[in-house]
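Since every read-out is calculated from the coordinates, none of them should be taken as a lab result. Predicted model, so just to flag it, every value in this text is computed and none were measured. Cβ placement follows ideal geometry from the backbone for every residue including glycine, while neighbour counts extend to all protein chains displayed.
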Amino acid sequence: MNEAFKKRQSLMVLQLIVGAVVLYMLHSYLLNALLPSREFVIPIWNIYVFHSISVLIVYTIINFRFSNGKTQVFNPFILLMVLKMVFVVVFLLPLFLSDTVDKIGDAVNFFIPYFIFLAFEVYSINRFLTTE
């Protein structure tokens, strides 16, 4: 395996884990402080595991392709984003199919971290594409 690949991958995994844990703790604290009795359809920890795994998979594929000399990563990135959105819909199916009256809170709990993780993913991929 390419040393540059391993270095980029290990740094990103470390940043992802630390960022996800800090964001999860902040998110949990805010929910407990602002909505202590609210029950959500999808637990917060499930959301963070889903986001972390999806970011890790996309980053690993793009990093692997780039490390093997394929500098054209736009098309695979877009394809992976479309596939990721399909998995988002599948992940959110329990929410869509539930009898819960207020689904907006669950959707907000999912999509705010989604966009934060997406920004981190794009930043991380852009960082190694522009420095190499």
Length gained if Tyr123 through Val90 is fully extended, taking 0.36 nm per residue and subtracting the Cα-Cα distance, is 9.3 nm
Rg ratio (alpha-carbon, reference 2.2 N^0.38 Å) - the stretch 1-111: 1.29
Considering the stretch 25-67, what Rg and Dmax in Å follow from its alpha-carbon atoms? 15.3, 48
Could you work out [θ]222 nm for the chain from helices alone, using -39500 (n - 2.57) per DSSP H run of at least four and dividing by all its residues? Round to the nearest 500 deg cm²/dmol. -28000 deg cm²/dmol
Can you compute the charge dipole magnitude of the chain about its Cα centre, using +1 on each Lys and Arg Cβ and -1 on each Asp and Glu Cβ, nothing else charged? Give it in debye, rounded to the nearest 20. 500
Cα long-axis angle, helix 3-34 against the chain (0 to 90 degrees, to the nearest 10): 10
Listed peptides 25-36, 10-21, 114-125, 86-97 by packing density, highest first (mean Cβ within 10 Å): 114-125, 10-21, 86-97, 25-36
Would you mind calculating the gained length between Asn75 and Lys103 on full extension (0.36 nm times residue separation, minus the Cα-Cα distance), in nm to one decimal? 6.7 nm
From the backbone phi of the stretch 44-59, what are the Karplus-calculated ³J(HN,Hα) couplings (6.51 cos²θ - 1.76 cosθ + 1.60, θ = phi - 60°) in whole Hz, Gly and Pro given as x? 4, 5, 4, 5, 5, 5, 4, 5, 5, 5, 5, 5, 4, 5, 4, 4
